[in-house]
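**Q** The structure under discussion is supplied below as structure tokens; questions concerning it will follow.
The values are calculated or read from the model by the stated rules, or taken from the named source; none is laboratory data. Keep in mind that this is a model prediction, so the values were computed, not measured. Using ideal geometry, Cβ is built from the backbone for each residue, glycine included, and neighbour counts are taken over all protein chains shown.
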Amino acid sequence: MSTVPHLGYGIGLRSAHFERVLREAPPIDFFEVLSENFLDSGGWPRHVLERVAERYPVVMHGVSMSIGGSDPLDFDYLRRLKELADRIGARWVSDHLCWTGFGGLTTHDLLPLPLDEETLRHVAARVRTVQDFLERPLVLENPSSYLRFDSDTLTECAFLRELAADADCLLLLDVNNVYVSSVNHRFDPYDYIASIPPERVVQYHLAGHSDHGTHIIDTHDGPVVDAVWELYRHTLRVVGERSTLIEWDAKIPSLEEVHAEALAARSLAEAA
Amino acid sequence: MTLAERQQRLFAAITRPDPGAATPGVAIYRNAYRTRLIETLREMFPALLHALGAELFEQFAAGFITHDPPRGPTLERLAGEFPRHLAATAPDEPWTRFILELAELESAFRRMYDAADPAPAVFRFAYPCGEYLNAVRRGGTPELPAPRATILTMRRVRFRVLITSEYALPSLLH
């Protein structure tokens with residue numbers, strides 16, 4: 001696990017910033033791209049990505065693998081994912097612990113899984129298949145969630161820990177998602193961080209969210225909130241310093257404003 | 001209940017068109033599903049959104065999603081299928097032909113934007129859809145146009161999709 005490089009403090013590559021990134025080559029440690037945004041593109045977005053990948057480390061982050069789905073894995077999708085990863089030299093490929101659809105249809109959302117032994121065996125087998133096909137480790141992220149199944153026998157953290165050991169995969173720890181789910185499902189986010197296997201974690205995500213009083217929605221439309229910075233600071237101490245990425249997907253501000261969040265994460269890591 | 005059965009049940013609860021009773025968690029996913037897809041269509045079809053207005057556009061978009069739920073890993077398929085849904089379901093009104101031509105043009109615009117090496121495309125329309133789309137993409141708010149037989153050429157130059165219009169006598173359209 002220690003062979004995975006520490007890429008620094010990066011931001012998501014978004015179309016609002018394409019022209020400036022190409023023109024000015026700003027000093028950003030690395031970029032993360034949403035894989036699906038580039039799978040169908042041979043035009044300007046793909047051109048930008050290939051130029052960016054020549055200058056910066058790039059990691060790929062997907063939303064459509066449906067690793068926990070009960071539909072068969074989509075090998076055409078996986079083939080295109082692999083081609084893109086090879087072409088741009090992606091440092092790693094990540095997706096989410098979730099499912100996205102049923103019966104050939106999709107919601108384009110990250111849906112929560114029942115957390116029990118049956119699901120664990122199912123997901124672990126699919127992760128192994130995907131890793132063999134992609135010929136690289138799969139990095140899985142803890143999603144934010146808004147419902148749980150009464151039948152759950154494992155916490156999400158325990159599920160991820162067992163999955164990573166069983167399927168020999170890696171983890172992307174979304175610190176904001178831990179916080180969001182901890183409020184929505186009333187658990188202690190610090191307990192969650194304490195139970196994550198540090199040797200499996202290759203990347204952190206940080207993002208803004210929307211607090212609706214009774215629950216929090218993971219909207220990625222603003223700066224990281226103080227409680228999540230505090231949890232991140234704690235995570236740096238408990239898990240360690242890792243490649244950290246700011247996700248900002250709606251109401252996207254200037255490149256400087258997004259990058260300032262990445263620099264704030266770096267400052268916390270240097271002080272930890 | 002097996003994992004597949006649970007997923008089938010939750011999927012149906014999230015995607016069913018009538019609001020119905022739902023737990024707060026299911027309601028969040030249901031709202032996110034509908035909102036995300038309609039927002040994606042709004043971004044894909046800015047000129048059509050302007051022409052129809054937000055309310056009518058949303059009605060057509062919601063009907064499309066119900067009738068033809070998304071499949072496949074990317075959202076691009078929506079841009080290709082939405083014009084076909086409009087053609088099959090739009091009421092027979094005086095403005096219908098303009099709307100269908102505009103939808104076809106915006107869908108083609110998107111395909112050309114993303115294509116690896118696109119060839120120019122020619123459209124023969126009864127309405128000046130090219131001027132209308134160009135105006136909206138420049139941030140304008142054009143009025144619904146009167147019919148005017150038009151031959152449009154769409155091509156891509158340095159990754160930008162350009163549309164030029166020539167106006168023809170109506171007899172040349174047939």
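**Q** Can you tell me which of (1) within 14 Å of another protein chain (Cβ to nearest Cβ); (2) assigned to a strand (DSSP E or B) is the one A:Ser64 doesn't meet?
**A** (2)
**Q** Checking A:Glu54 against (1) in a loop (DSSP other than H, G, I, E, B); (2) charged (D, E, K, R); (3) without any contact (Cβ under 8 Å) to a residue 60 or more places away in the chain, which single condition isn't satisfied?
**A** (1)
**Q** Any idea which residue in segment A:202-245 is modelled with the highest pLDDT, counting only those that are assigned to a loop (DSSP other than H, G, I, E, B) and of a type in the set (Asp, Glu)?
**A** Taking segment A:202-245 and keeping what is assigned to a loop (DSSP other than H, G, I, E, B), we get A:208-209, A:212-215, A:218-225, A:239-242.
If we keep only those that are of a type in the set (Asp, Glu) as well, we get A:218, A:221, A:241.
Values: A:Asp218: 93, A:Asp221: 93, A:Glu241: 97.
Residue satisfying both the conditions and the ranking: A:Glu241.
**Q** Here's another thing I want to ask about it. Taking A:Ile252 as the residue in question, decide whether it is surrounded by fewer than 18 Cβ atoms within 10 Å (Cβ to Cβ) and in contact with a strand residue (DSSP E or B) (Cβ under 7 Å, 6 or more places away or on another chain). Can you show your working first?
**A** Values: surrounded by fewer than 18 Cβ atoms within 10 Å (Cβ to Cβ): yes; in contact with a strand residue (DSSP E or B) (Cβ under 7 Å, 6 or more places away or on another chain): no.
Considered against the rule, which asks whether it is surrounded by fewer than 18 Cβ atoms within 10 Å (Cβ to Cβ) and in contact with a strand residue (DSSP E or B) (Cβ under 7 Å, 6 or more places away or on another chain), A:Ile252 comes out as no.
**Q** Pick from A:Leu147, A:Leu154, A:Leu163: which is over 27 Å from A:Asp211 (Cβ atoms), more than 14 Å from the chain's Cα centre (by Cα) and in a loop (DSSP other than H, G, I, E, B)?
**A** On the way: A:Leu147 fails: over 27 Å from A:Asp211 (Cβ atoms); A:Leu163 fails: in a loop (DSSP other than H, G, I, E, B).
Matching residue, one of A:Leu147, A:Leu154, A:Leu163: A:Leu154.
**Q** Right, something else. Which of the residues spanning segment A:104-137 are farther than 18 Å from B:Thr74 by Cβ, more than 7 Å from every other protein chain (Cβ to nearest Cβ) and outside any helix (DSSP H, G or I)?
**A** Residues satisfying the conditions are A:Pro112, A:Leu113, A:Leu115, A:Asp116, A:Glu135, A:Arg136, A:Pro137.
**Q** Same structure, new question: In this structure, is B:Ala22 of a type in the set (Gly, Ala, Ser), within 12 Å of chain A (Cβ to nearest Cβ), without any contact (Cβ under 8 Å) to a residue 12 or more places away in the chain and not in a loop (DSSP other than H, G, I, E, B)? Working first, answer last.
**A** Details: of a type in the set (Gly, Ala, Ser): yes; within 12 Å of chain A (Cβ to nearest Cβ): yes; without any contact (Cβ under 8 Å) to a residue 12 or more places away in the chain: yes; not in a loop (DSSP other than H, G, I, E, B): no.
Taking the combined requirement at face value, the residue does not satisfy it.
**Q** Select from segment A:183-201 the residues that are assigned to a strand (DSSP E or B) and either charged (D, E, K, R) or over 23 Å from A:Glu162 (Cβ atoms) (or both) and list them in ascending order.
**A** First pass over segment A:183-201, keeping only residues assigned to a strand (DSSP E or B): A:201.
Hits for segment A:183-201: nothing passes.
**Q** Which ones in segment B:89-123 are within 14 Å of another protein chain (Cβ to nearest Cβ), in contact with a Pro (Cβ under 8 Å, 6 or more places away or on another chain) and of a type in the set (D, E, K, R)? Show your work before the answer.
**A** Step one: list which residues in segment B:89-123 are within 14 Å of another protein chain (Cβ to nearest Cβ), which gives B:107-119.
So of that shortlist, the ones also in contact with a Pro (Cβ under 8 Å, 6 or more places away or on another chain) come out as B:107, B:111-112, B:114.
Within segment B:89-123, B:Arg111, B:Asp114 qualify.
**Q** Does B:Tyr33 fit the bill of being more than 22 Å from the chain's Cα centre (by Cα), at pLDDT 95 or above and part of a helix (DSSP H, G or I)?
**A** Numbers: more than 22 Å from the chain's Cα centre (by Cα): no; at pLDDT 95 or above: yes; part of a helix (DSSP H, G or I): yes.
No.
**Q** Return yes when B:Arg156 is under 26 Å from B:Glu76 (Cβ atoms), buried (at least 16 other Cβ atoms within 10 Å of the Cβ), of a type in the set (Lys, Arg) and at pLDDT 95 or above and no when it is not.
**A** On the way: under 26 Å from B:Glu76 (Cβ atoms): yes; buried (at least 16 other Cβ atoms within 10 Å of the Cβ): yes; of a type in the set (Lys, Arg): yes; at pLDDT 95 or above: yes.
It is true that B:Arg156 is under 26 Å from B:Glu76 (Cβ atoms), buried (at least 16 other Cβ atoms within 10 Å of the Cβ), of a type in the set (Lys, Arg) and at pLDDT 95 or above.
**Q** Next up: Considering A:Asp40, A:Asp86, A:Asp76, which residue is more than 14 Å from chain B (Cβ to nearest Cβ), without any contact (Cβ under 8 Å) to a residue 24 or more places away in the chain and not aliphatic (A, V, I, L, M)? Spell out how you get there, then give the answer.
**A** Values: A:Asp40 fails: more than 14 Å from chain B (Cβ to nearest Cβ); A:Asp76 fails: more than 14 Å from chain B (Cβ to nearest Cβ).
Step by step, each of A:Asp40, A:Asp86, A:Asp76 is checked, and only A:Asp86 is more than 14 Å from chain B (Cβ to nearest Cβ), without any contact (Cβ under 8 Å) to a residue 24 or more places away in the chain and not aliphatic (A, V, I, L, M).
**Q** Same structure again: Would you point out the residue of segment B:79-135, among those that are crowded, with 22+ Cβ neighbours inside 10 Å and among the hydroxyl-bearing types (Ser, Thr, Tyr), that is farthest from B:Ala61 (Cα to Cα)?
**A** So, considering only residues that are crowded, with 22+ Cβ neighbours inside 10 Å and among the hydroxyl-bearing types (Ser, Thr, Tyr), the one farthest from B:Ala61 (Cα to Cα) is B:Tyr127.
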